[in-house]
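Remarks on the structure that follows.
What follows is calculated from the coordinates using simple rules that are stated; it is not laboratory data. If you're wondering where the values come from, they're calculated on a predicted model, not measured in any experiment. FYI the Cβ positions are ideal-geometry reconstructions off the backbone, even for glycines, and counts take in every protein chain you see.
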Amino acid sequence: MKPRALVTGGAGFLGSHLCDALLAEGYSVIAVDNLLTGRMSNIEHLRREGNFEFLQIDINRPFDCGPVNYVFHFASPASPVDYMVHGIDTLKVGSLGTMQALEIAHKNHAKYLFASTSECYGDPLEHPQKETYWGNVNTIGPRSVYDEAKRFSEALTMAYHRYHAVDTRMVRIFNTYGPRMQLNDGRVIPNFMKQALRGDHLTVYGDGKQTRSFCYVTDEVDGFLRLSKTDEHFPVNIGNPNEFTVLQCAERVIAITGSKSKIRYEDLPQDDPKQRRPDISKARKLLGWEPKIGLDEGLKMSLEYFRDAVAAEMPAKA
Ligand code: UDP
């Protein structure tokens with residue numbers, strides 16, 4: 001019998017790529033999603049896969065998905081635009097949803113991996129960010145619905161490990177991109193790709209000097225799988241330490257799409273982190289993990305997906 005994995009948020013960008021990777025690893029997979037920000041199109045290709053099931057459910061209430069050996073808890077709105085629109089849902093899934101996912105792991109004596117985030121570090125005062133850094137989060141700011149939900153989920157995960165001996169792990173994910181990102185999720189790479197491919201201005205927020213470190217999705221998922229096989233209970237950063245300013249990112253997108261688009265400066269959103277780069281020494285040592293795909297290569301690998309997505313959105317020519 002194949003081991004059976006539950007993936008919450010399985011129709012999301014990262015969740016669906018994780019489902020693909022787990023099926024390839026020999027798991028049978030049950031994906032659950034309430035489709036608030038997840039999309040059936042992300043898992044359309046798995047519908048005829050015998051080892052894959054999908055359930056559209058709300059994980060904030062008790063649910064039964066049958067016996068499982070591994071719980072991958074990935075459900076949550078994840079882009080700033082999405083989590084600010086769905087603020088209360090984000091807080092619910094990062095508290096009630098996390099508790100239900102942990103309950104399932106506890107009841108089934110299953111292993112558990114939680115998708116945490118670099119947002120736990122907030123607007124970081126330590127750079128690059130090591131897992132030991134406690135962060136600088138505005139508890140009442142607009143991003144707190146996501147940041148504090150994820151921080152609470154980390155606390156809950158550690159509590160289930162300490163009090164109920166659940167075999168838990170957590171990954172802190174840094175700005176991941178690639179095919180299946182929603183064109184309108186508001187994150188910087190889908191925004192810039194869409195704008196460049198349409199010939200619109202690229203909207204750089206603030207002066208564009210803030211930094212991010214972008215990880216291609218297959219590298220990120222490789223890190224998840226490696227971590228899933230360890231006994232490490234404390235957080236592990238998985239991200240690409242190649243750091244770019246947002247302006248440099250816009251320039252890369254313009255170059256790779258061959259677009260004639262120009263840049264338009266817009267207001268910086270409140271509490272937008274000024275810098276972000278993972279220290280990945282722990283992942284290197286513990287997992288032998290290293291990202292392989294640089295930003296230019298990853299953008300090229302994503303180009304066809306974004307081209308198709310933009311074409312599908314354009315009104316048909318008369
Ligand atoms: N950003 C931007 N223009 C956009 C979208 C985002 O300049 O059209 C900036 C945003 O202000 C932030 C960075 O790009 O500094 C990354 O934003 P994103 O929403 O992708 O994710 P975050 O890392 O903030 O969670």
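Which order do His201, His17, His45 fall in if you start with the one that has the fewest other Cβ atoms within 10 Å?
Values: His201 15, His17 21, His45 11.
Lowest count first: His45, His201, His17.
Taking all pairs of distinct Cα atoms, average 1/r, flip it, and tell me the Kirkwood hydrodynamic radius of the stretch 1-130 in Å to one decimal place.
After inverting the pairwise mean of 1/r, the radius is 15.1 Å.
Restricting everything to alpha-carbon atoms, can you work out Rg to Rh for the stretch 80-174 with a Kirkwood hydrodynamic radius?
On the way: Rg = 13.6 Å, Rh = 13.8 Å.
For the stretch 80-174, the value is 0.99.
If neighbour count is taken as other Cβ atoms inside 10 Å, put Val217, Val7 in order from fewest to most. Intermediate values should be presented prior to the final figure.
On the way: Val217 23, Val7 31.
The most exposed by this proxy come first: Val217, Val7.
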Query raised in the report: Taking every DSSP beta bridge that has both residues in the chain, what percent is antiparallel when rounded to the nearest 5?
Result: 10 percent
Query - Positive minus negative residues near Leu268 (Lys, Arg vs Asp, Glu; Cβ under 13 Å) - result: -3
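Computed over the Cα atoms of the chain, what is the convex hull's projected area averaged over all directions, in nm²? Write down the numbers at each step before the final one.
Values: hull surface 65.1 nm².
Projected over every direction and averaged, the Cα hull of the chain covers 16.3 nm².
Express in nm, to one decimal, how much length is gained between Lys130 and Lys209 on full extension, taking 0.36 nm for each residue of separation and deducting their alpha carbon distance. Walk me through the numbers before you get to the answer.
On the way: separation 79, 0.36 × 79 = 28.44 nm, distance 2.19 nm.
Full extension from Lys130 to Lys209 adds 26.3 nm.
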Query raised in the report: Which value in Å does the Kirkwood hydrodynamic radius of the stretch 185-318 take, with 1/r averaged over all unlike C-alpha pairs and then inverted?
Result: 16.4 Å
Query raised in the report: What is the distance, in nm, between label points placed 7 Å from the Cα along the Cα-to-Cβ direction at Tyr305 and at Asp267?
Result: 3.2 nm
**Report entry** Point-to-point label distance, Leu183-Thr139, nm (Cα→Cβ direction, 7 Å offset)
**Finding:** 4.2 nm
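Hey, what's the Cα Rg ratio for the stretch 140-257 versus the globular rule of thumb, 2.2 N^0.38 Å? Before the final figure, lay out each step's value.
Details: Rg = 17.3 Å, N = 118, 2.2 N^0.38 = 13.5 Å.
Working it through for the stretch 140-257, the quotient is 1.28.
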Requested in this report: List the residues whose amide H sits under 5 Å from the amide H of Gly122, counting only those 5 or more places along or on another chain, with H placed 1.01 Å from N in the peptide plane.
Outcome: Asn136
Query - Residues with amide H under 5 Å from that of Val236, placed H, sequence gap 5 or more - result: Met170, Val171, Arg172
Report summary line: Surpassing 26 Å at the alpha-carbon level, of the pairs Lys130/Lys300; Lys111/Lys150; Lys260/Lys300; Lys194/Lys285, are Lys130/Lys300; Lys194/Lys285
